[in-house]
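S.K.: Mind having a look at this structure? Questions to follow.
The values are calculated or read from the model by the stated rules, or taken from the named source; none is laboratory data. Predicted, not measured: the structure shown is a model, and the values here were computed from it. Because the Cβ atoms are built from the backbone with ideal geometry, glycine has one as well, and the counts that use them run over all protein chains shown.
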């Protein structure tokens, strides 16, 4: 099949406020997100808590219904799956954020993986052999297959979650925070494992993470979400090589890599952007927008426009980011 | 000057599947006023257990079984030896209900806990009391120190604390119950609750875990500001090496319940300073790899803890002696001690 594996256009999703009989306006989580992914890409999706990363990942896999827009993955219209849902599940899988909740505590690992293999896997090969191959693929000692998830370490649980997602030999996998909350040395091992799996299989992988270190280690391309909007789409080499152009991307990078320098100066609080208007959603936190006047930051919302090879940014004044 | 918290030869146990498991093995550390202290280690190293058990937050379960703990100069375990008889060994045995010991610790610390000593828990989303909105929780924390506070003065102080932990939309947050807070918000509320009584010692358990990069820097700034402006001392429990480097003056590295390296943060956490315990070196290598990338460092997986050095199953330099018995701390430089005979004799 030609064309991109994943195509997203104008994706919008909002949530009703929580609570019984709660009225009021819905909270937008995604506001017009659009991008395409090729068949073997390894993409990092970054942004702060609440930026819409997880919601976007769930929409891509049809796990959350969205309000507007289209999502096409591996030839399926994700919002109109109907009876094709099982066939779609074979192609697209999720590694969930919380492996404590995602693995059934009442079943042994062998049973959990065996079920995924039986439902979706290869029918010609015995299930037991496929399960053991999966364990080898994620470097889980075969002896651990007979444990219950509760007896596994955090790193082992993540390996099982990956194995379960890979059981169907999918072409598209979304991994939601696969290394959050585990020890850095184990994170390094897991990221190396993910890289090897991606290299060995024809797979497009989206890595959702608030940890830029993890994204830097793996991703070839970086998508930056800010309050439900894609504000930058950049090759990883440019993004981490000093050519991140959106001021928000720069704030993320600075927070991750220059914490000592930031702490040396005054640290301001997070200011919530004003209500819905047509201006740039980031302008209240942006150093560029408040500088010299004349820029349309307050009146016109910047579109995600090309600014370099394979590089798009939603900022009126991105050229100012070019200077070191 | 007496240390705020002094721990000597502390042994602690937890009930596991196959009987008692020793979680702390003769752990020792000393937190001095004005010198914030970081307890560094990976999950399962016993760092959270140590802090909780010292403050009597582990009541009713097997907990501390031997050693001494002084909190603000009070020996909280004094005279409790008669309650329990501990038989060390590969499969430790405890003679009596250890829970009584822990409950006694909790009673002795009750006058200072929540005022002089506060705790910001590891998992605030579940640790915050679910029945009260944020305004009431924070109000109670402030009243613990200043019972006469009420009305507008109290409300103003509550709002000011939420702003200090970088909360926006303070009015809305005040009315929320803990389960309605997001992870990052709960973390900040828990921190405000721990800071508000103006403690001398704040035990912060993984305050930066699970936060995004921008929020993490703000929380680090808040903690650092509190240390500077309130004169409090921090006991930081973390696996975030950079946070330890930014906030603490002294560090102890905990591996499998034993302190394997201790000393000034500027020495212990500087990758260029040798000698180092191989376990510390591994933690630092992982941190460096996340910052700079490059070839993947050799990072052996956690193995079972034997009788010897807790790192011996993973250590490329381990000898038969390391596996047989746990090495003691030896001086590498003034104030800097390392428990590895291969590195420091």
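Yes/no matrix, rows are residues, columns are (1) surrounded by 23 or more Cβ atoms within 10 Å (Cβ to Cβ); (2) at pLDDT 90 or above; (3) facing chain B (nearest Cβ under 10 Å); (4) in contact with a strand residue (DSSP E or B) (Cβ under 8 Å, 6 or more places away or on another chain):
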residue	(1), (2), (3), (4)
A:181	no, no, yes, no
A:205	yes, yes, no, yes
A:208	yes, yes, no, yes
A:220	no, yes, no, yes
A:228	yes, yes, no, yes
A:231	yes, yes, no, yes
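S.K.: Considering only the stretch A:179-202, I want to know if a residue exists there that is in contact (Cβ under 8 Å) with a residue 40 or more places away in the chain and closer than 17 Å to residue B:242 by Cβ.
M.R.: Yes, the stretch A:179-202 contains a residue that is in contact (Cβ under 8 Å) with a residue 40 or more places away in the chain and closer than 17 Å to residue B:242 by Cβ.
S.K.: Determine which member of the set A:119, A:160 is assigned to a helix (DSSP H, G or I) and over 23 Å from residue A:186 (Cα atoms).
M.R.: A:119
S.K.: Oh, and also: Restricting attention to the stretch A:38-47, report how many residues are surrounded by fewer than 24 Cβ atoms within 10 Å (Cβ to Cβ) and in a loop (DSSP other than H, G, I, E, B).
M.R.: Residues that pass the stated criteria total 4.
S.K.: Mind counting the residues in the stretch B:196-217 that are in contact with a strand residue (DSSP E or B) (Cβ under 7 Å, 6 or more places away or on another chain) and more than 14 Å from chain A (Cβ to nearest Cβ)?
M.R.: Total meeting the criteria: 7.
S.K.: Further question: Would you mind finding the one in B:136, B:107 that is within 24 Å of residue B:23 (Cβ to Cβ), out of contact with any helix residue (DSSP H, G or I) (no Cβ under 6 Å at 6 or more places or on another chain) and surrounded by fewer than 18 Cβ atoms within 10 Å (Cβ to Cβ)?
M.R.: Every option except B:107 fails the conditions.
S.K.: Given the structure, is residue A:256 touching a helix residue (DSSP H, G or I) at 6+ places or on another chain (Cβ under 6 Å), modelled with pLDDT under 90 and part of a helix (DSSP H, G or I)?
M.R.: yes
S.K.: Could you go through the stretch B:115-124 and let me know if any residue there is out of contact with any strand residue (DSSP E or B) (no Cβ under 9 Å at 6 or more places or on another chain) and without any contact (Cβ under 8 Å) to a residue 12 or more places away in the chain.
M.R.: Within the stretch B:115-124, not a single residue is out of contact with any strand residue (DSSP E or B) (no Cβ under 9 Å at 6 or more places or on another chain) and without any contact (Cβ under 8 Å) to a residue 12 or more places away in the chain.
S.K.: Ok, one more. With the checklist (1) over 16 Å from the mean Cα position of the chain (by Cα); (2) assigned to a strand (DSSP E or B) in hand, flag the one item residue B:10 doesn't pass.
M.R.: Evaluating residue B:10 over (1) over 16 Å from the mean Cα position of the chain (by Cα); (2) assigned to a strand (DSSP E or B) leaves (1) as the failure.
S.K.: Modelled with pLDDT of 90 or more and more than 10 Å from every other protein chain (Cβ to nearest Cβ): which single residue out of B:245, B:267, B:258 fits that description?
M.R.: B:267
S.K.: Would you pick out the residues in the stretch B:173-186 that are at pLDDT 85 or above and within 14 Å of another protein chain (Cβ to nearest Cβ)?
M.R.: B:173, B:175, B:176, B:177, B:178, B:186
S.K.: Return the residues of the stretch A:52-77 that are outside any loop (DSSP other than H, G, I, E, B) and within 17 Å of the chain's Cα centre (by Cα); say none if nothing qualifies.
M.R.: If the condition is that a residue be outside any loop (DSSP other than H, G, I, E, B) and within 17 Å of the chain's Cα centre (by Cα), then A:53, A:54, A:55, A:56, A:57, A:58, A:59, A:60, A:71, A:72, A:73 are the ones that fit.
S.K.: Got a sec? Which of A:213, A:279, A:275 is at pLDDT below 90, more than 10 Å from chain B (Cβ to nearest Cβ) and touching a helix residue (DSSP H, G or I) at 6+ places or on another chain (Cβ under 6 Å)?
M.R.: Just a single option satisfies the conditions, and that option is A:279.
S.K.: Sort through B:173, B:165 and tell me the only one that's surrounded by 18 or more Cβ atoms within 10 Å (Cβ to Cβ) and over 23 Å from the mean Cα position of the chain (by Cα).
M.R.: After ruling out the rest, the residue left standing is B:173.
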